[in-house]
Amino acid sequence: MNSRPSNPVGDAVSDLQNLRAWVSHWCSHCQGDALRELRLALQILDRDLLPRIENDLFIVGLVGPNNAGKSALFNALVDRKCSPSRAYGGATRRLLAAHSLPGDRVPAVRGFDRVVKVEPGPDGVSAVAQPGPPGELLITKCESLPKGLLVVDAPDFDSIMEQHKESAAGLMGITDLAVVVVTRHSYQNLEVVRFLREWLGSGRPWVMVYNEAPSETVAKEHCEILSEGVGAGPIALFQAPSDLQVAEGKRPLEALCVQGGSQVGQGFENWIRSLGGTDELQRSAFEASNRRLAEALDRFVEAWEGEQNLRRVLLKEAEAVASDLAKQVCKDAMPMGPVLDAFRAVLDRRPGLVRSQMRKGIQQARKGAMYIWAKVGGKLSSVENPAPLNLLQAEREALTPLWTPFLDRLEAKLMASGAGASADWSAMLCQDFTPSGASNSMERAMEKLQSDPQVWQAFEQACEAFIEEDLDERGNEWGLQALVDLTHLLPAAVAGAIIVKSGGLLTDMAVGSMGAISAMAAEQLSKFLGTGTASRARNKWCELRAPKLQENFLGASMPTGWTLLQSEAQGDAREWTRWLHVSREHLNHD
């Protein structure tokens, strides 16, 4: 065995580093299954592929189900009792490695955050038998092992203790050669097959050690069955007969090669020590990890595209529900003042002596009515130029009874449109639509209501524009002028009555919306012109005001979900294929 195997990564390093930066960037834009696959990709890059640049150890990992004989085989390899072995299994609870590197310095091992030196014998065996923190590897020195070889014993991956499976899986993710130890009781176990298929199906090199084999023929038959389930065959098959002393840890496990080229008949320990072609095995392991990385990123793209499609559907549904509410609020609280002022402004620009004289008379009558009302009912706020502040009050009055039904409808629509089938979206919506959150969300919606002078000005200009069009089509301006002036007199009296009757509570409503008579007057003006002027004004107001209200309502009702519904990552989710393709080309030319 070479003391320093060549690095299979070669010029692919920079491509892998670029890929890692790309994956990290996309992690901040994803959730759910897409994010989980990206995190798996990062784990493959950080634990296995990128560390191979600096770490050239050839890692042999011993894995298998409970009580298969892994520790007995490990002790045979290192020629001493380092790992606990007992007849009923379950003794090994931590990853234990053996190496023969020169010096006393503890070597760094890819895939592990911390490597802790232990001495063989009772202390080492005791340490391996105790649970430890994840990401930690115990290591001991064994001079009889070839230089550059690291052999690792793992806990059983079918244990009821989840940490055991995580440790075995972590080892399988970085190993160059997996040694799978099974018995006649476990080779066809579905859980065993699924675990091995996940880690070996991508082409990672492995050998099979069939412990307690009834015969060489049975070992070969069972190896074929297991290989079919895994989706890949081993490079060699070893078998060992049943031996109670081995099971009790009183003697090492001795397995002979029964399938694997010219080395048939050789013992497992000698086979490992004389193993050649480690460069090629490392290359195969690297390619297997590369394939696992590509599979994870393929699943990421599939999950991301599915999540984006769902996000767009939910966004469309949310906007539709909020748009209905915004339009209803706009219709209920539309200011009629700009409409009536537009009539007057347009008519004022048109000459007419009779009309001018009539206006003066009506204005005098209006002043008289205001004077009389001031003496009888008190001072009345002006209705000639309603301020946007009064509009906000009208919108709050219109929004209050509609808010809770809006929340119920919004949640129901989103859940029915696919959020209910997504664990992440369901949890998010449950967080946003809490039973106690309705009042808080309405307060947020009220706070978000802000006046918009630009919308107000645009509405006034739009009203004048289509009134000009209507007058050009219909004419008869003399009678229209009288009606417009009367609409500015009558609302004053009616608004005053509303204010007095409500004890002043509805002042803003009466003034800001120009009162009920203003709305009726505008409808009369529409009929007078015959063009639906009020309807056009209402539609225009909704067009100008509703989009901002819609956005405010969604932000208030879904403080978490609305931000995610709007977020869409920029860039190509399949760009990773370019870097992996280039890295493979570099690898093939090494």
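Here, each number is a calculation from the coordinates, and none is a lab measurement. In this text the structure is predicted, and so the values were computed from the model without any measurement. For neighbour counting, all protein chains shown are included, and Cβ atoms are generated from backbone atoms with ideal geometry for every residue, glycine included.
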Practice problem: Could you list which residues have their amide H under 5 Å from that of VAL115, counting only those 5 or more apart in sequence or on another chain, with H placed in the peptide plane? | Solution: LEU137
Practice problem: Return the sequence-ordered ³J(HN,Hα) values of the range 421-427 in whole Hz as given by the Karplus equation 6.51 cos²θ - 1.76 cosθ + 1.60 applied to θ = phi - 60°, using x for Gly and Pro. | Solution: 8, 10, 4, 5, 5, 4, 5
Quiz item: Peptides 133-143, 319-329, 563-573: what's the order by average Cβ count within 10 Å, highest mean first?
Solution: 319-329, 133-143, 563-573
Self-check item: Length added when fully stretched, LEU244-THR404, from 0.36 nm per residue minus Cα-Cα
Solution: 50.3 nm
Self-check item: Under Karplus coefficients 6.51, -1.76 and 1.60, residue-wise ³J(HN,Hα) of the range 329-338 in Hz, glycine/proline x
Solution: 5, 4, 5, 6, 10, 5, x, 7, x, x
Quiz prompt | Peptide ranges 41-50, 175-184 listed from the most packed, as the mean C-beta count within 10 angstrom indicates | solution = 175-184, 41-50
Quiz prompt | Two-site label geometry, ASN18 and GLU473: point separation in nm, points 7 Å out along Cα→Cβ | solution = 6.2
Quiz item: So which of LYS117/LYS165; LYS165/LYS220; LYS117/LYS147 end up more than 21 Å apart, counting from Cα to Cα?
Solution: LYS117/LYS165; LYS165/LYS220
Quiz item: Given the range 64-276, what percent of its DSSP beta bridges are antiparallel, to the nearest 5?
Solution: 30
Practice problem: Could you list which residues have their amide H under 5 Å from that of VAL258, counting only those 5 or more apart in sequence or on another chain, with H placed in the peptide plane? | Solution: LEU237, PHE238, GLN239, GLY265
Quiz item: Mind checking the dipole of the range 64-276: about its Cα centre, +1 per Lys or Arg Cβ, -1 per Asp or Glu Cβ, Debye to the nearest 20?
Solution: 400
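Would you mind calculating the gained length between GLU443 and ASP279 on full extension (0.36 nm times residue separation, minus the Cα-Cα distance), in nm to one decimal?
Extra length from GLU443 to ASP279 when fully extended: 52.3 nm.
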Quiz prompt | Whole-Hz couplings from phi, Karplus 6.51/-1.76/1.60, listed for the range 106-119; x for Gly and Pro | solution = 6, x, 7, 10, 4, x, 10, 7, 8, 10, 10, 7, 10, 8
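Want the number for GLN457 to THR560: 0.36 nm per residue separation, take away the alpha-carbon distance, what's left? It would help to have the intermediate numbers written out before the result.
Values: separation 103, 0.36 × 103 = 37.08 nm, distance 3.36 nm.
Separation in residues times 0.36 nm, less the Cα-Cα distance, equals 33.7 nm.
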Exercise. Starting from the Cα of GLU568, move 7 Å in the Cα-to-Cβ direction to define the label point; list residues of the range 397-424 whose amide nitrogen is under 13 Å from there.
Key: none
Practice problem: Please state, as a whole number in µm²/s, the translational diffusion coefficient that the Stokes-Einstein equation yields for the range 257-325 at 37 °C and 0.692 mPa s, with Rh defined as the Kirkwood radius across alpha carbon pairs. | Solution: 193
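For the cross-link pairs LYS331/LYS548; LYS413/LYS448; LYS316/LYS548, which exceed 19 Å when the distance is taken from alpha carbon to alpha carbon?
LYS413/LYS448
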Practice problem: Would you mind ranking VAL218, VAL193 so that the residue whose beta carbon has the fewest other beta carbons within 10 Å leads the list? | Solution: VAL218, VAL193
